[in-house]
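The values are calculated or read from the model by the stated rules, or taken from the named source; none is laboratory data. Small disclaimer: the values here were computed from a predicted structure and weren't measured. As a convention, Cβ positions derive from the backbone with ideal geometry for all residues, glycine included, and neighbour counts pool all protein chains shown.
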2 protein chains.
Amino acid sequence: MKEKKTRRIKPELLGGFKDYLPNVMIFRQDVFDTIRRTFESFGFLPLETPGLERSSVLGTDKDEFRMEVYRFNDNQNGTGQDVTLRFDLTVPLSRVVAANPELLKPFKRYQRGSVWRKESPQAGRFREFTQFDADIVGSDSILSDTEIIELMYRTLTNLGIADFEIRFNNRKILNGLPEAVGFDSAKAGNVFRILDKLDKIGLEEVLRELQKEPDNQFDETATALDIESAKKIREFLSLSGRNRELLAKAEDFFRGVSVAEEGIRECEKIMENLVGLDIPEDNWKFDLSVARGLGYYTGPVFETTLTELPEIGSVFSGGRYDDLVARYTGEKIPAVGASVGVDRLIAALEKLGKIGKKKSTAKVIISALSENLSLKALQLADWLRSIGVNTEIYLGSGLLKEQIVYAAKREIPFLIILGEDEVKAGKVKLKDMNARKEFLLTERELLDRLSAI
Amino acid sequence: MKEKKTRRIKPELLGGFKDYLPNVMIFRQDVFDTIRRTFESFGFLPLETPGLERSSVLGTDKDEFRMEVYRFNDNQNGTGQDVTLRFDLTVPLSRVVAANPELLKPFKRYQRGSVWRKESPQAGRFREFTQFDADIVGSDSILSDTEIIELMYRTLTNLGIADFEIRFNNRKILNGLPEAVGFDSAKAGNVFRILDKLDKIGLEEVLRELQKEPDNQFDETATALDIESAKKIREFLSLSGRNRELLAKAEDFFRGVSVAEEGIRECEKIMENLVGLDIPEDNWKFDLSVARGLGYYTGPVFETTLTELPEIGSVFSGGRYDDLVARYTGEKIPAVGASVGVDRLIAALEKLGKIGKKKSTAKVIISALSENLSLKALQLADWLRSIGVNTEIYLGSGLLKEQIVYAAKREIPFLIILGEDEVKAGKVKLKDMNARKEFLLTERELLDRLSAI
């Protein structure tokens with residue numbers, strides 16, 4: 001069997017890419033099903049868009065994206081289209097909304113799909129991963145933002161996860177920071193970038209960096225805040241307390257800054273709704289540190305941490321983005337949504353030992369002890385399937401002993417053995433693999449017994 | 001709203017690519033669900049593999065594939081990997097089997113996924129489309145080939161399709177053609193290529209072409225069959241009759257050609273099994289003209305035509321391919337499977353007017369007539385979902401009249417209207433959208449009524 005060795009191809013994947021073998025995939029599909037069922041219970045509608053789109057449409061024709069996405073010319077000689085594998089499902093949704101103005105709004109859609117990003121595989125990140133998104137397009141009601149958080153809560157709860165925290169904030173509050181603190185809003189981007197390092201470098205280092213003067217006349221990143229502003233920032237970063245308590249402190253801090261006050265009122269409304277819905281306060285938290293990147297979101301923003309695994313980051317995130325559709329139409333259409341990072345979530349459940357271990361889809365496997373009985377096996381399998389029992393026929397060439405090992409390894413609970421003598425007597429042997437018991441049954445008795453499971 | 005007109009991006013797709021909006025996607029998902037349920041009833045296990053793989057692994061680094069697949073270097077400067085978007089799910093399956101020798105065999109897997117090919121969009125073909133495959137790896141039993149055909153039958157039947165014909169043949173029979181007809185087997189590829197034109201150019205033209213001498217010494221495509229061989233080919237192409245009748249004629253024609261005799265015996269066995277399974281002979285047919293391309297399959301081959309739309313081609317095809325895993329391991333592992341061309345199938349069902357028209361996932365939509373009632377709406381929706389009723393809250397800013405239009409357009413059967421007075425009286429108004437009737441109900445009465453649906 002070792003001939004032609006030199007011409008063999010190594011069956012390897014690209015770094016950062018992954019197969020999902022059945023032992024994981026059965027569970028993974030259960031996760032997909034639960035998410036879909038939950039999304040549909042809120043009336044979200046399914047959408048599917050292509051994996052490959054024009055770079056200009058996805059906005060990846062800008063230089064800043066060059067190293068982050070899979071972008072190429074679709075003719076190898078360079079005369080074709082500039083295309084990109086989608087890196088999220090939100091931009092394609094915005095394109096769909098723009099391209100189909102007749103879509104009835106509010107438009108609630110969900111979508112599951114692969115997205116591709118050039119993450120570092122060394123860091124254990126995936127370069128192709130599945131997102132499962134729900135978005136509401138065409139509603140600026142705070143009810144929609146509430147519904148997205150409620151959806152996040154229900155989805156994770158339905159997945160059997162109890163220990164999580166949905167943290168939310170509002171970009172409008174952060175947008176009030178320049179006015180509240182007293183710095184030029186042109187510096188906001190750089191200020192936020194430095195604030196983002198808080199977890200990594202700590203409060204004092206952040207404050208030091210915020211006050212740093214430019215190194216030279218070309219240094220555009222230095223924010224050079226004065227001492228008074230730095231003091232206010234320290235005060236802002238020290239605001240603490242659970243939910244209403246923090247909200248009251250934020251109200252004090254941002255008093256008179258109208259954009260922030262609007263954001264705070266929205267957060268208050270969301271909190272009232274979540275309390276009214278009896279969603280446990282253990283599972284959600286108003287958190288001024290949630291920012292969700294810079295520039296994309298326009299209102300409430302959400303992140304979800306698994307309490308036992310905070311280090312893996314957010315598994316379910318989103319926010320309001322009222323300006324995205326306008327890229328195509330010029331017309332502002334409000335939108336809010338969230339996205340489950342399914343692969344990250346499942347990797348986390350695996351770490352927590354919460355991953356289901358179903359190894360088969362079949363409940364019954366049939367073993368025909370002679371070739372003469374193979375039609376009998378086909379017929380019996382067909383009949384069992386017709387009454388709703390998922391049934392496999394053993395298709396290998398192993399002896400009965402090996403067939404039993406196969407059934408045991410696949411964890412198929414019942415093995416039906418067809419032997420010449422039994423079949424002649426109108427009977428079959430049923431082996432209960434878990435109870436390790438055998439029964440000689442008529443087809444009628446077999447039906448009764450299998451219907452019971 | 002028309003500012004910045006020049007900077008707007010046209011929200012257009014690439015040619016040959018397609019969005020599936022909810023009105024089609026809901027039905028499409030039902031199709032996916034039915035296929036999956038059927039595949040699982042046979043004990044097939046789910047698998048997921050990446051969309052992007054190494055070109056060397058997919059075999060697309062050969063020149064002949066250059067114009068047919070999406071192949072590129074994954075660093076734009078050309079220093080990265082030579083990668084290709086997968087063009088089918090069978091080659092990735094073979095790679096998985098080769099890379100995971102510990103996989104218990106027979107290994108029955110199903111997989112749904114997008115594949116990408118550079119088809120001509122002008123011809124209405126898709127360049128990204130969904131395949132849904134089932135394969136049995138590690139079994140050379142004819143039972144497996146039978147099971148694949150049975151699976152094809154059950155899948156289409158479960159999809160509510162009655163008028164279809166699964167046509168099957170065996171590559172071993174075709175492989176016996178050189179010996180039976182009397183030509184050098186080195187010419188087989190060119191002979192089959194000419195035979196493939198039968199539908200297009202007709203019998204006489206095919207025979208003329210088969211007898212053509214080479215134009216010059218470099219012409220390697222001419223088959224130059226002698227008159228005797230051409231006569232035999234005419235005889236072969238004229239073999240007709242339904243199933244057993246055709247089988248008997250094929251037996252006569254190929255008598256003494258052992259490889260063909262083996263193929264015929266396999267077809268006979270499959271026929272016996274299908275008859276034994278009571279699968280109507282209207283839905284399957286032994287057909288010597290089925291070839292499924294050249295060089296890939298090694299045994300039984302299958303194709304499925306929708307009786308009312310033969311022109312769209314095969315919607316469910318496959319066959320036995322015993323040599324594919326050996327590309328990676330050098331070890332021969334038998335395999336057989338089939339693939340549903342979901343997009344082509346759904347396009348056909350659309351043409352036949354058989355496509356479902358569900359426009360919503362929600363059964364109930366709640367309309368809160370004042371903002372004070374929005375928490376009440378959230379609570380009621382939450383309660384309805386908890387008893388299994390998919391419920392949407394109207395999230396737009398329209399007046400009641402517009403909300404009714406929204407519910408009607410979405411075809412949501414029930415509208416619950418929350419008004420201040422009713423809620424104070426502990427009641428809600430339920431509007432049956434189909435019966436065009438309204439009821440004033442307590443929550444208890446509402447539950448009773450909605451549980452009934």
When region A:245-270 is checked residue by residue, the ones that are small (Gly, Ala, Ser) and crowded, with 17+ Cβ neighbours inside 10 Å are A:ALA250, A:ALA260, A:GLY263
Of the candidates A:ARG86, A:ARG66, the one satisfying the condition of being basic (Lys, Arg) and buried (at least 23 other Cβ atoms within 10 Å of the Cβ) is A:ARG86
When every residue in region A:51-71 that is more than 9 Å from every other protein chain (Cβ to nearest Cβ) and not charged (D, E, K, R) is compared, the one farthest from the chain's Cα centre (by Cα) is A:SER55
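Residue-wise test of (1) at pLDDT 95 or above; (2) among the small types (Gly, Ala, Ser); (3) part of a strand (DSSP E or B).
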| position | (1), (2), (3) |
| --- | --- |
| B:GLU261 | yes, no, no |
| B:SER314 | no, yes, no |
| B:GLY319 | yes, yes, yes |
| B:LEU324 | no, no, no |
| B:ARG344 | no, no, no |
Of the residues in region A:15-36, those that are closer than 30 Å to B:LEU395 by Cα and at the interface with chain B (Cβ under 9 Å from one of its Cβ atoms) come to A:ARG36
Taking region A:102-128 and the residues there that are at the interface with chain B (Cβ under 8 Å from one of its Cβ atoms) and part of a strand (DSSP E or B), the one that is nearest to A:VAL83 (Cα to Cα) would be A:TRP116
Cβ pairs under 6 Å, 6+ apart or interchain, first in region A:389-405 and more than 9 Å from chain B (Cβ to nearest Cβ), second surrounded by 20 or more Cβ atoms within 10 Å (Cβ to Cβ) and at pLDDT 95 or above, ordered by first then second residue, are A:GLN403/A:SER367; A:GLN403/A:TYR394
Picked from region A:78-100 (must be assigned to a loop (DSSP other than H, G, I, E, B) and at the interface with chain B (Cβ under 10 Å from one of its Cβ atoms)), the residue nearest to B:SER397 (Cα to Cα) is A:ASN100
If we ask which residues in region B:14-32 are within 16 Å of A:GLU53 (Cα to Cα) and either touching a Cys at 6+ places or on another chain (Cβ under 6 Å) or surrounded by 20 or more Cβ atoms within 10 Å (Cβ to Cβ) (or both), their number turns out to be 3
query: Within the bounds of region B:167-190, is there any residue that is within 30 Å of B:ASP30 (Cα to Cα), in contact with a Phe, Trp or Tyr (Cβ under 8 Å, 6 or more places away or on another chain) and buried (at least 16 other Cβ atoms within 10 Å of the Cβ)?
result: yes
Within region A:324-336, the residues that are more than 10 Å from chain B (Cβ to nearest Cβ) and closer than 12 Å to B:ARG8 by Cα are A:LEU324
Taking region A:117-145 and the residues there that are among the aromatic types (Phe, Trp, Tyr) and under 23 Å from A:ALA335 (Cβ atoms), the one that is nearest to the chain's Cα centre (by Cα) would be A:PHE132
Only one of (1) farther than 25 Å from B:GLY182 by Cβ; (2) touching a residue at least 60 places away in the same chain (Cβ under 8 Å); (3) within 23 Å of the chain's Cα centre (by Cα) does not apply to B:SER317, and that is (2)
With the structure loaded, tell me whether A:GLU53 is farther than 24 Å from B:ASP343 by Cα, charged (D, E, K, R) and in contact with a Lys or Arg (Cβ under 7 Å, 6 or more places away or on another chain) or whether it fails that test.
no
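Residue by residue, here is whether (1) farther than 26 Å from B:GLY43 by Cβ; (2) without any contact (Cβ under 8 Å) to a residue 60 or more places away in the chain; (3) in the same structural domain as B:VAL325 (by TED's automatic domain parsing) holds:
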site: B:SER139; (1), (2), (3): no, no, yes
site: B:SER144; (1), (2), (3): no, no, yes
site: B:GLU147; (1), (2), (3): no, no, yes
site: B:THR155; (1), (2), (3): no, no, yes
site: B:ASN158; (1), (2), (3): no, no, yes
site: B:PHE168; (1), (2), (3): no, no, yes
site: B:SER185; (1), (2), (3): yes, yes, no
site: B:GLY189; (1), (2), (3): yes, no, no
site: B:ARG193; (1), (2), (3): yes, no, no
ask   = Does B:PHE44 count as within 7 Å of chain A (Cβ to nearest Cβ), without any contact (Cβ under 8 Å) to a residue 24 or more places away in the chain and buried (at least 21 other Cβ atoms within 10 Å of the Cβ)?
value = no
Residue under question is B:GLN131, and the condition is that it be more than 7 Å from every other protein chain (Cβ to nearest Cβ), surrounded by fewer than 21 Cβ atoms within 10 Å (Cβ to Cβ) and not in a loop (DSSP other than H, G, I, E, B); does it hold?
yes
Checklist entry - So is A:LYS357 surrounded by fewer than 14 Cβ atoms within 10 Å (Cβ to Cβ), within 29 Å of A:TYR20 (Cα to Cα) and in contact with a helix residue (DSSP H, G or I) (Cβ under 8 Å, 6 or more places away or on another chain) or not? => result yes
So for region A:296-307 (the condition being farther than 24 Å from A:PHE164 by Cα, modelled with pLDDT of 95 or more and among the aliphatic types (A, V, I, L, M)), does at least one residue qualify? no
Within region B:263-300, residues being in a loop (DSSP other than H, G, I, E, B), closer than 26 Å to A:GLU371 by Cα and of a type in the set (Val, Ile, Thr) number 2
Listed by range, strands (runs of 3 or more DSSP E) wholly within region A:361-453 having at least 2 residues that are of a type in the set (A, V, I, L, M, F, W, C) are A:364-368, A:414-418, A:427-432, A:437-442
When region A:362-372 is checked residue by residue, the ones that are modelled with pLDDT of 95 or more and either within 17 Å of B:PHE44 (Cβ to Cβ) or surrounded by fewer than 19 Cβ atoms within 10 Å (Cβ to Cβ) (or both) are A:ALA362, A:LYS363, A:VAL364, A:ILE365, A:ILE366
With criteria (1) within 14 Å of chain A (Cβ to nearest Cβ); (2) at pLDDT 95 or above, B:SER339 comes up short on (1)
